[in-house]
Every structure is written in C-alpha cells, then in structure tokens.
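The values are calculated or read from the model by the stated rules, or taken from the named source; none is laboratory data. These figures come from a predicted structure and were not determined experimentally. For neighbour counting, all protein chains shown are included, and Cβ atoms are generated from backbone atoms with ideal geometry for every residue, glycine included.
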Amino acid sequence: MSLSIVLHEFGGPEKLLAEETALAPPAAGEIQVRHGAIGLNFIDTYHRSGLYKIDLPAIVGMEAAGEVIALGEGVTDFAAGDRVVYSNPMGAYCEARNMPADNAVKLPDTVDDRTAAALFLKGMTAYFLLHLTYPLKPGETTLIPAAAGGVGLVLTQWAKALGATVIGCAGTDEKCELARANGCDKVINYTEADFRVGVQEFTGGEGVDVVYDGVGKATFEASLDCLKPRGMMVSFGNATGVVSIPDLTILAARGSLYVCRPTANAYVRSRADRLAHAEALFEVIAAGKLKPTIGQTFALQDAAEAHRALEARRTVGSTPLLP
C-alpha cells in the first residue's frame, strides 16, 4: 500500500484526498520508485481544477525524486538502490509508484532528492524555453514576470548565466529582493508601479527582446507592450487564467510581434530528448550557476494546503512535498 493524494472530481484544493492505494509489482518496462521528495507545480492545479482534462480518479503530480526499489521485466538501465528523478507521467503525489523506466533519469550523487524535486521539471522547462523556444543570446534583454516563483528563479539564474540582462517582476518587496538576489538586473514591484513604465525606463525606450511569461491573463497584454518591434512573447503558463488573442492585429500594432505557447510534451518527445535536457540541467547545477530556492515544504498529506498557498501566491521559489 502507498499513501496517495487522489482526485475523484475536479474542483478546489479540497478535492485532493489522502487515501491508501494498492501498489502492484512493476510491469514489464517499469520501475518502482519510493519517493523522497515530490515537486509542486502550477500544472498540478490545472489538472486538479479541470482546466487540463484528465481521466478520473487520478493521482496528480508531474515530478518526484527517490530510490528504485523494484524492477519490471526487461529493465536493464537501472538497478535497485539507484537514485532517480522524473517528470511525467502524472501520478507523483504518492509515497511510492510504478512508472515507465524510460521516463526516469539517474541522479548525480551531488544532487539530493529535495533539490531534484525542486529543480527538475522547472529546469527542464527553463532549458527548452531559453535554448529552443527562443534561444537567448548574450547581450539580449528579457522580461520575466513572477521572477520570484519556482520557474521564474530558474529562468533568471540561467538567463544570467547565458549573459543576458534580466528584468523581473514580483508582487512583494520580499519577493523583489529574492529575484534581485538571484540575478535580476532590474526588479519591479507590480503592485506599486506599472511594470511597462519600469521596463521602458530601464531599456531607454527600446523594450526587451523576449518575455518568458508563466503568469498568463493578468500580464499578457502589458507584457506585449514591453517588447521591441519583432520581439517574442513566450507564454508558457496560465497562473492567472488562460490567454486569448481575439484580434491578431494587436501584434501588428505593437511592432510585428511574435507569440508562441510552448509545452514540455512538444519538446521532450523521446528518451534522447529527456536525457539531453537533464544533462544540460545537471551541468549548470554542477557549475554552481543554478541553485534551488526552496521557500517552503509541505507534508504529502497536506497537498491541498500546498495548492492553496501556491494559488494565493503565498509561496516563494520551489515547494517540495515530503512523503
């Protein structure tokens, strides 16, 4: 048996129920993993609410780190006792689970479970955003709304390591200071000032080359106003609601802008993709260019409270759930 957080119907955080679930031996091609730490991500709230439709009942959660405790038939890349991390398939909110061996990656000895759960999915996301969606170049300038969030802090650190100038936004003085400490060249408290004005002042009216925006509806149009002509809006999340563009001429009016909506599933399509993303992530961690900011932890059975805190923007950095 395994303590699991089970979703039987879509809705608020109260729909996340702690239950004991059966755990069968791993099937062919699977490994069984005992979790040491589980990553909390905004996509978990989309699955819980029904914004992203999934089959129910379900165990949500996209990433975790832990120890391999059993092998299914045909698995040769792992052994019992190996430490691993994974993102996908969904089902991480549990003490232990079976999962496809191809989705797991061995952890270096220098990366503990909490660091892995705090950085893996966010780091994989940052990798494809910064290197594949819009390859950020030295000397370019980027805007990162929610720069003190889990993905925001990873993006900020990695963008600075690439030689970019980073402008961040955050909603409290504490979060602004955290973003600044993690490499932002300019931080704007969007509750006290219009960040469009701050961006234009900082860039001398030029605007930024690219916006990496996981906030969604609340910041989308204002972020467009921060771009240079022919700049790129990378909208990768919906924390404040889904973005829509009913009239594409708004992109023309702001200077022939580009907009894209990337997802991990489109960039991590094979085991080779997964290993390439993971290798790049582990390299920047080993080089000291990327460090986790674990602002808080929650016990696994308190996953509902973790969702409340995340959606209310009461979290800072990453939030592991601990079995």
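Out of the residues in segment 256-296 that are among the polar types (S, T, N, Q) and under 19 Å from P320 (Cβ atoms), state the one that is nearest to the chain's Cα centre (by Cα).
Filtering segment 256-296 for residues that are among the polar types (S, T, N, Q) and under 19 Å from P320 (Cβ atoms), the one nearest to the chain's Cα centre (by Cα) comes out as T293.
Quick check on S244: is it assigned to a loop (DSSP other than H, G, I, E, B), in the same structural domain as L143 (by TED's automatic domain parsing), farther than 30 Å from K289 by Cα and in contact with a Lys or Arg (Cβ under 8 Å, 6 or more places away or on another chain)?
Numbers: assigned to a loop (DSSP other than H, G, I, E, B): yes; in the same structural domain as L143 (by TED's automatic domain parsing): yes; farther than 30 Å from K289 by Cα: yes; in contact with a Lys or Arg (Cβ under 8 Å, 6 or more places away or on another chain): no.
Spelling it out, it is not the case that S244 is assigned to a loop (DSSP other than H, G, I, E, B), in the same structural domain as L143 (by TED's automatic domain parsing), farther than 30 Å from K289 by Cα and in contact with a Lys or Arg (Cβ under 8 Å, 6 or more places away or on another chain).
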Reported set for segment 250-309 where residues are crowded, with 18+ Cβ neighbours inside 10 Å, of a type in the set (G, A, S) and part of a loop (DSSP other than H, G, I, E, B) is G295
**Request:** Would you mind stating whether E63 is in contact (Cβ under 8 Å) with a residue 24 or more places away in the chain and either buried (at least 21 other Cβ atoms within 10 Å of the Cβ) or of a type in the set (A, V, I, L, M, F, W, C) (or both)?
**Result:** yes
In segment 39-60, anything surrounded by 19 or more Cβ atoms within 10 Å (Cβ to Cβ) and not hydrophobic (A, V, I, L, M, F, W, C) is listed as G39, N41, D44, T45, H47, R48
Looking at segment 49-58, can you tell me whether even one residue there is part of a loop (DSSP other than H, G, I, E, B) and either in contact with a helix residue (DSSP H, G or I) (Cβ under 7 Å, 6 or more places away or on another chain) or under 20 Å from A278 (Cα atoms) (or both)?
yes
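In the set A96, A159, A146, which member is in the same structural domain as E221 (by TED's automatic domain parsing), over 14 Å from the mean Cα position of the chain (by Cα) and not polar (S, T, N, Q)?
Values: A96 fails: in the same structural domain as E221 (by TED's automatic domain parsing); A146 fails: over 14 Å from the mean Cα position of the chain (by Cα).
Answer to the selection: A159.
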Conditions (1) in contact (Cβ under 8 Å) with a residue 40 or more places away in the chain; (2) over 25 Å from V199 (Cα atoms) -> V234 fails only (2)
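Given the residues G74, G81, G61, G91, which is the only one that is of a type outside the set (V, I, T), within 15 Å of A304 (Cα to Cα) and either outside the structural domain of V111 (by TED's automatic domain parsing) or in a loop (DSSP other than H, G, I, E, B) (or both)?
Working: G74 fails: within 15 Å of A304 (Cα to Cα); G81 fails: within 15 Å of A304 (Cα to Cα); G91 fails: within 15 Å of A304 (Cα to Cα).
On inspection, the qualifying residue turns out to be G61.
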Reported set for segment 101-129 where residues are in a helix (DSSP H, G or I) and of a type in the set (G, A, S) is A101, A116, A117, A118, G123, A126
Residues of segment 203-221 being out of contact with any Pro (no Cβ under 9 Å at 6 or more places or on another chain) and surrounded by fewer than 19 Cβ atoms within 10 Å (Cβ to Cβ), in sequence order, are T203, G204, G205, E206, K217, E221
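Table: residues versus (1) touching a Pro at 6+ places or on another chain (Cβ under 7 Å); (2) of a type in the set (A, V, I, L, M); (3) crowded, with 24+ Cβ neighbours inside 10 Å.
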position: T115; (1), (2), (3): yes, no, no
position: K122; (1), (2), (3): no, no, yes
position: T133; (1), (2), (3): yes, no, no
position: E140; (1), (2), (3): no, no, no
position: I144; (1), (2), (3): no, yes, yes
position: K160; (1), (2), (3): no, no, no
position: G163; (1), (2), (3): yes, no, no
position: T172; (1), (2), (3): no, no, no
Does A28 satisfy being at pLDDT 95 or above and more than 22 Å from the chain's Cα centre (by Cα)? yes
From the option list T76, T110, single residue qualifying as among the β-branched types (V, I, T), surrounded by fewer than 19 Cβ atoms within 10 Å (Cβ to Cβ), in contact (Cβ under 8 Å) with a residue 12 or more places away in the chain and at negative phi is T110
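Hey, can you tell me all the residues within segment 43-64 that are among the β-branched types (V, I, T) and within 20 Å of L300 (Cα to Cα)? So that I can check it myself, show each step before the final result.
Let us first name the residues in segment 43-64 that are among the β-branched types (V, I, T), namely 43, 45, 54, 59-60.
Matches in segment 43-64: I43, T45, I59, V60.
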